[in-house]
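Novice: Mind looking over this structure? Questions follow.
The values are calculated or read from the model by the stated rules, or taken from the named source; none is laboratory data. Keep in mind it's a predicted model, so treat the numbers as computed, not measured. Cβ placement follows ideal geometry from the backbone for every residue including glycine, while neighbour counts extend to all protein chains displayed.
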């Protein structure tokens with residue numbers, strides 16, 4: 001794989017899938033989504049696989065939707081690839097450990113929250129900033145985030161669009177561990193090593209059971225979030241708000 | 001509101017959001033990026049400062065700024081116009 005996603009065997013039973021698109025700032029472009037889903041599809045049948053480590057770049061794990069995707073949403077597109085990606089991670093047969101060395105924002109954070117375990121960086125920023133762009137969240141945010149972070153933190157994240165530092169989210173239900181950025185991959189790998197010697201069928205059954213509430217939450221959210229998007233993007237001022245507020249750097 | 005007061009607000013928000021800044025006076029002719037702020041740190045610094053100053057500046061204006069002095073000048077003008 002020579003594009004924007006790298007796949008590397010790290011240890012027996014552990015494979016790393018890494019989003020590496022410096023030009024695109026690791027946004028959920030069609031290329032990133034396609035290559036991630038291809039990578040996961042290619043790995044699922046490997047009988048030796050026990051754990052996938054999902055990682056990004058040191059400065060950014062995933063920065064959410066690119067402007068082109070938001071344009072497509074504003075033109076009424078329903079079938080956006082990033083939602084399929086969330087489903088693929090949630091229904092991947094073995095555990096996925098997210099190693100968030102850098103920022104995860106918007107759809108990027110929601111993809112991360114589909115992992116089974118997460119290690120975040122103290123100084124990186126995490127948030128769901130859809131409201132800053134003038135529209136309602138997608139990617140299952142309105143159900144997944146309250147289920148994971150509790151109603152009050154989720155409300156603050158969704159309604160204010162605040163970008164929290166990892167250290168401010170420590171112990172608040174989103175991440176297993178929050179450590180200095182340089183220690184994130186090591187901590188994630190350690191979690192993976194603890195699972196990699198377990199029987200595959202045991203890991204598969206537990207992954208499926210433990211991920212089921214989030215799969216349901218994602219399904220439940222999709223219908224209402226799509227309706228809210230239709231309201232938002234049916235307004236002329238929304239596209240202008242997106243253009244004005246989109247953080248290009 | 002005086003320019004000095006605006007500088008205080010911006011520097012306070014900078015210190016709240018960026019680690020490892022020098023203890024003494026910050027050179028406002030430098031950019032926040034040079035001082036170690038990431039682009040998302042800057043979003044929080046700017047939005048926190050604007051809430052404190054009760055002003056709102058379009059992101060398109062913010063994108064043109066080169067350093068902290070430029071940001072302070074923009075805030076001073078916005079506060080005066082409000």
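Novice: Confirm whether residue A:207 is farther than 23 Å from residue A:122 by Cα and not in a helix (DSSP H, G or I).
Specialist: No, not satisfied.
Novice: Taking the range B:46-64 as the region of interest, how many residues are under 12 Å from the mean Cα position of the chain (by Cα) and free of Cβ contacts under 8 Å to residues at least 12 places away in the same chain?
Specialist: Qualifying residue count for the region: 2.
Novice: Then there is this: Within the bounds of the range A:96-118, is there any residue that is on the phi < 0 side of the Ramachandran plot, surrounded by fewer than 22 Cβ atoms within 10 Å (Cβ to Cβ) and outside any helix (DSSP H, G or I)?
Specialist: Looking through the range A:96-118, at least one residue is on the phi < 0 side of the Ramachandran plot, surrounded by fewer than 22 Cβ atoms within 10 Å (Cβ to Cβ) and outside any helix (DSSP H, G or I).
Novice: Condition first: assigned to a loop (DSSP other than H, G, I, E, B) and closer than 30 Å to residue A:197 by Cα. Now tell me which residues in the range A:23-72 satisfy that.
Specialist: A:44, A:45, A:46, A:47, A:48, A:49, A:50, A:56, A:57, A:58
Novice: Taking the range A:119-134 on its own, how many of its residues are outside any helix (DSSP H, G or I), surrounded by fewer than 22 Cβ atoms within 10 Å (Cβ to Cβ) and away from chain B (no Cβ under 11 Å)?
Specialist: So the answer is 1.
Novice: Pull up the range B:32-69, narrow it to residues that are away from every other protein chain (no Cβ under 11 Å), touching a helix residue (DSSP H, G or I) at 6+ places or on another chain (Cβ under 7 Å) and surrounded by fewer than 17 Cβ atoms within 10 Å (Cβ to Cβ), then point me to the one that is modelled with the lowest pLDDT.
Specialist: In this case the residue turns out to be B:56.
Novice: Which of (1) closer than 30 Å to residue B:13 by Cα; (2) in contact with a helix residue (DSSP H, G or I) (Cβ under 7 Å, 6 or more places away or on another chain); (3) surrounded by 19 or more Cβ atoms within 10 Å (Cβ to Cβ) does residue A:165 not meet, given it meets every other one?
Specialist: (2)
Novice: Taking the residues in the range A:62-105 that are closer than 17 Å to residue A:20 by Cβ and within 14 Å of chain B (Cβ to nearest Cβ) as candidates, determine which candidate is modelled with the lowest pLDDT.
Specialist: Top of the filtered list is A:64.
Novice: So, one more: Please determine, by comparing only the residues of the range A:140-162 that are free of Cβ contacts under 8 Å to residues at least 60 places away in the same chain and not in a helix (DSSP H, G or I), which one is farthest from residue B:41 (Cα to Cα).
Specialist: A:150
Novice: Which residue out of A:34, A:30, A:38, A:59 is surrounded by fewer than 23 Cβ atoms within 10 Å (Cβ to Cβ), out of contact with any strand residue (DSSP E or B) (no Cβ under 6 Å at 6 or more places or on another chain) and within 14 Å of another protein chain (Cβ to nearest Cβ)?
Specialist: A:59
Novice: If you don't mind, there's one more thing I want to ask. Pick from the range B:14-25 the residues that are away from every other protein chain (no Cβ under 13 Å) and at pLDDT 95 or above: which of them is nearest to the chain's Cα centre (by Cα)?
Specialist: My answer is B:14.
Novice: So for the range B:38-45 (the condition being farther than 22 Å from residue A:162 by Cα and either free of Cβ contacts under 8 Å to residues at least 12 places away in the same chain or in a helix (DSSP H, G or I) (or both)), does at least one residue qualify?
Specialist: Scanning the range B:38-45 turns up no residue that is farther than 22 Å from residue A:162 by Cα and either free of Cβ contacts under 8 Å to residues at least 12 places away in the same chain or in a helix (DSSP H, G or I) (or both).
Novice: Taking the stated definitions as given, is residue A:187 in contact with a strand residue (DSSP E or B) (Cβ under 9 Å, 6 or more places away or on another chain) and either away from every other protein chain (no Cβ under 14 Å) or assigned to a helix (DSSP H, G or I) (or both)?
Specialist: Yes.
Novice: Let me ask something else about it. Select from the range B:65-82 the residues that are in a loop (DSSP other than H, G, I, E, B) and under 13 Å from the mean Cα position of the chain (by Cα) and list them in ascending order.
Specialist: B:65, B:66, B:67
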